[in-house]
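The values are calculated or read from the model by the stated rules, or taken from the named source; none is laboratory data. These numbers were taken from a predicted model, which means no experiment stands behind them. Using ideal geometry, Cβ is built from the backbone for each residue, glycine included, and neighbour counts are taken over all protein chains shown. All accessible areas refer to the heavy atoms of the entire protein, side chains included, with ligands and DNA or RNA removed. Shrake-Rupley method; radii C 1.70, N 1.55, O 1.52, S 1.80 Å.
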Amino acid sequence: MKKFFYLFFALVFLASCGPQKVDVLILNGTVYNGVDEESKSVNIAIKGDQILEIGEFDNSKFEATKVIDAKGQIVSPGFIDPHTHADRELVLQEASHNKPFLFQGITTVVTGNDGESVYPISRFKELCLANGIGTNVIPLTGHGTLRDESGIKTQTNPDEAALNLMKEKLKQEMEEGSFGLSTGLFYSPGSFSTTDEVISLAKVLKLYNGIYDSHIRDESSYTVGLLKSVAEVIEIGEEAKVPVHISHIKCLGADVWRYSDSIIAMVEKAQLEGVQITANQYPYRASATGLKSALIPKWAQSGGMDSLRYRVEKSTTRKKVLEGITKNIKRRGGGKSLVMIKAYDKNLLFKDLTTISDSLKLSEAETALKLVLGGFIRIASFNMTDYDVENFMSQDWVVTGSDGNTGHPRKYGSFPKKYREYVQEKKLMSLGKFIQNSTAKTAEIFNLKNRGVLKPNYKADIIIFDPNTFKDRATFDNPFVLASGLNYAIINGKVSVDNGKFTDQLNGEFLTRD
Ligand SMILES: [Zn+2]
């Protein structure tokens, strides 16, 4: 009888020791956890939407629905992109897969940048969830959007009631889960606001642990200048006592080349004084913006297109507008460095301003004015130096971002380009540093508590790429080409890219601030 008793217990013991069921096992990879600079040879078990275990465990203790052999490949947390214009596409059924970002290894995108967001957040969420989304989404609330919604638009000094209405709307957005406020102080209508207005809004964020993110007032020498614009961000952080973040940090144009040293010194001094200030950057020497924003003098833009048309019909103001355009073309490095990447007339595409003006037999300023009056054109503007790009990139507080929008290859290539060019070719940074500044650090900036790191109980957002073939393929002539080398993307524990192919599953979640 005793014998049977022991046998029974032995069987129960063996049964309880049988393999535990999990959803995905990732074996034999070179694993960067997002926090440590060095890699480890460890395995990862995923159950549901979370990482169950990561370590040197014996894989026979798990029985997985899917086993991925990652031998010779890099395993990393999914990248987090702090600045995108993906919101425009996430709400469209045919584009909500977000593949341009996903194939760069991005599993979470921040949206609502540069002061423009889908309003209100609750509607944005509804639109995203109606179609399903290919990556996770973090929503910010746009300052320009709030100005429009509060009826302030391009007024410089809104009255008390309008200002309060705007603050109420921001509060509402934060209650609905917004992660913070974005501004586009270079663009209309944000450009019409004072620093005090922005500070009073940023103070609302304090109540919700929100972040202030800014396309700063002037990245060049248009108005207050680059250094004063960085000082403005620091002042907002000091006064409102909230974390501040400079989007797509750069020195735009010959007038401000090599200012990166001064900016780094300013930021580090502010950090020592207790301001939480960080930045993001895309790894290209060309920026992208509207031809109008780049070249038409600010004073001539006020009141919109009709006012501009009226001004250029009068010969005296036309002369002044053309003088301003000439200065701005020079500021951006000349007509050859301005390339049309999105235009109402496809014959203009990928041509530079000098070439177009030669064929029209007009001056470059006259040509630019004619093009602006014809309709919307976006340009790539080659206006940065390698010195400044690499100087910013080497700072611990500068994370990777794409600023992905239509026409610039950065929408399809930023993260793999940084890996290919600055990790592999130029060896400016280690692979571990690149991953830290594309995952865990960005999660920390946006106060994401359970993403961006490979750790038990964290959400399973994981990518696996081939270190030899992971690269950008989008160029300025051909900007719509997906990156190569991403073999797997797992989002919220589910496989979105399997052996290099999109699974057609929309596994992203709409994230709200907790
Ligand atoms: Zn921007």
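Anisotropy class assigned to the chain is prolate, per the alpha carbon gyration tensor with a/c at or over the 1.5 cut-off and a/b larger than b/c. Distance between the pseudo-spin-label points of Glu175 and Trp299 (7 Å out from Cα toward the beta carbon): 4.4 nm. If R0 is 45 Å, the Cβ-Cβ spacing of Asp466 and Thr194 corresponds to a FRET efficiency of close to 0.35. Can you give me the C-alpha center-to-center distance between the stretch 338-357 and the stretch 235-303, rounded to a whole angstrom? The distance from the Cα centre of the stretch 338-357 to that of the stretch 235-303 comes to 27 Å.
A Förster distance of 30 Å, applied to the separation of the beta-carbon atoms of Ser359 and Ser484, puts the FRET efficiency at 0.25.
The GluC sites (Glu not before Pro) of the stretch 31-77 that meet both conditions, a loop assignment by DSSP and at most 11 other Cβ atoms within 10 Å of the site Cβ, are Glu38, Glu56. Between the amide H of Asn487 and those of Ile464, Phe465, Asp466, distances stay under 5 Å, these residues lying 5 or more places away or on another chain, with hydrogens modeled in the peptide plane. Each part gets one Cα centre, and for the stretch 396-436 versus the stretch 127-203 those centres are 29 Å apart. Considering only Thr289, Gly303, Gly334, and ranking their Cα positions along the charge dipole of the stretch 289-382 that arises from unit charges at the beta-carbon of Lys, Arg, Asp and Glu, the one farthest toward the positive end is Gly303. Subtracting the Cα-Cα distance of Lys336 and Asn59 from 0.36 nm times their residue separation leaves 93.9 nm of extension gain.
Charges on Cβ only, +1 for Lys and Arg, -1 for Asp and Glu, centred on the Cα centroid of the chain; of Pro19, Val35, Phe186, which one is farthest towards the dipole's positive end? Of Pro19, Val35, Phe186, it is Phe186.
Remark on Phe502: its backbone amide H falls under 5 Å from none of the residues 5 or more positions apart or on other chains, H modelled at 1.01 Å from N. When the chymotrypsin sites (Phe, Trp or Tyr not before Pro) in the stretch 178-278 are filtered for DSSP coil states and for at most 16 other beta-carbon atoms within 10 Å of their beta-carbon, the remaining sites are Trp257. Extension gain, Lys40 to Asp514, is 167.5 nm, computed as 0.36 nm per intervening residue step minus the present C-alpha separation.
Once the dipole of the chain is set up with Lys and Arg at +1 and Asp and Glu at -1 on Cβ about the Cα centre, which of Leu511, Tyr119, Phe103 lies farthest towards its positive end? Farthest along the dipole direction, towards plus: Phe103. Using the Cβ-Cβ distance between Lys153 and Gln20 with R0 set to 60 Å, the FRET efficiency from 1/(1 + (r/R0)^6) comes to roughly 0.50. Given +1 at the Cβ of Lys and Arg, -1 at the Cβ of Asp and Glu and no other charges, the dipole of the stretch 289-382 around its Cα centre is 240 debye to the nearest 20. Along the stretch 105-119 the Karplus relation, 6.51 cos²θ - 1.76 cosθ + 1.60 evaluated at θ = phi - 60°, assigns HN-Hα couplings of x, 7, 10, 9, 10, 8, 10, x, 7, 6, x, 10, 9, 6, 10 Hz to successive residues, with x for each Gly and Pro.
Evaluating 6.51 cos²θ - 1.76 cosθ + 1.60 at θ = phi - 60° for every residue in the stretch 57-62, the Karplus couplings come out as 6, 6, 5, 6, 6, 10 Hz, glycine and proline recorded as x.
Contact order for the stretch 289-382, expressed relative to its length and based on alpha carbon pairs under 8 Å spaced 6+ residues apart, stands at 36 percent.
Per residue, the accessible area of the chain comes to 42 Å² when a 1.4 Å probe rolls over the protein heavy atoms. The charge dipole of the chain, taken about its Cα centre with unit charges on the Cβ atoms of Lys, Arg (+1), Asp and Glu (-1) only, comes to about 900 debye. Residues whose amide H lies under 5 Å from that of Asp23, counting only those 5 or more places away or on a different chain, are Ile46, Lys47, Gly48, Thr65; hydrogens are built 1.01 Å from N in the peptide plane. Taking the stretch 287-319 and a reference point 7 angstrom along Cα→Cβ of Glu366, the backbone N atoms nearer than 18 Å belong to 312-319. Sparse packing (at most 13 other Cβ atoms within 10 Å of the Cβ) combined with a DSSP loop state is found for the following chymotrypsin sites (Phe, Trp or Tyr not before Pro) in the stretch 310-402: Tyr344, Phe376.
Annotation for Ser430 and Lys203: the two label points, set 7 Å from Cα along the Cα-Cβ direction, are 4.5 nm apart.
Applying the Karplus relation 6.51 cos²θ - 1.76 cosθ + 1.60 with θ = phi - 60° to the stretch 298-310 yields 3J(HN,Hα) values of 3, 4, 7, 7, 5, x, x, 5, 4, 5, 4, 4, 4 Hz, where x marks Gly and Pro. Axis of helix 195-206 versus longest Cα principal axis of the chain: the two differ by about 20°, to the nearest ten degrees. Taking every lysine pair in the stretch 249-328 that is 8 or more places apart or spans two chains, those with Cα atoms closer than 23 Å amount to 14.
For the chain, give the share of DSSP beta bridges that are antiparallel, in percent and rounded to the nearest 5; count only bridges with both residues there. Please list the in-between numbers first.
Numbers: 34 of 68 bridges.
Counting only bridges with both partners in the chain, antiparallel ones make up about 50 percent.
Evaluate the distance, in nm, between pseudo-label points positioned 7 Å from the Cα of Asp498 and of Ala130 along their respective Cα→Cβ axes. Taking the two extended label points, one gets 3.0 nm.
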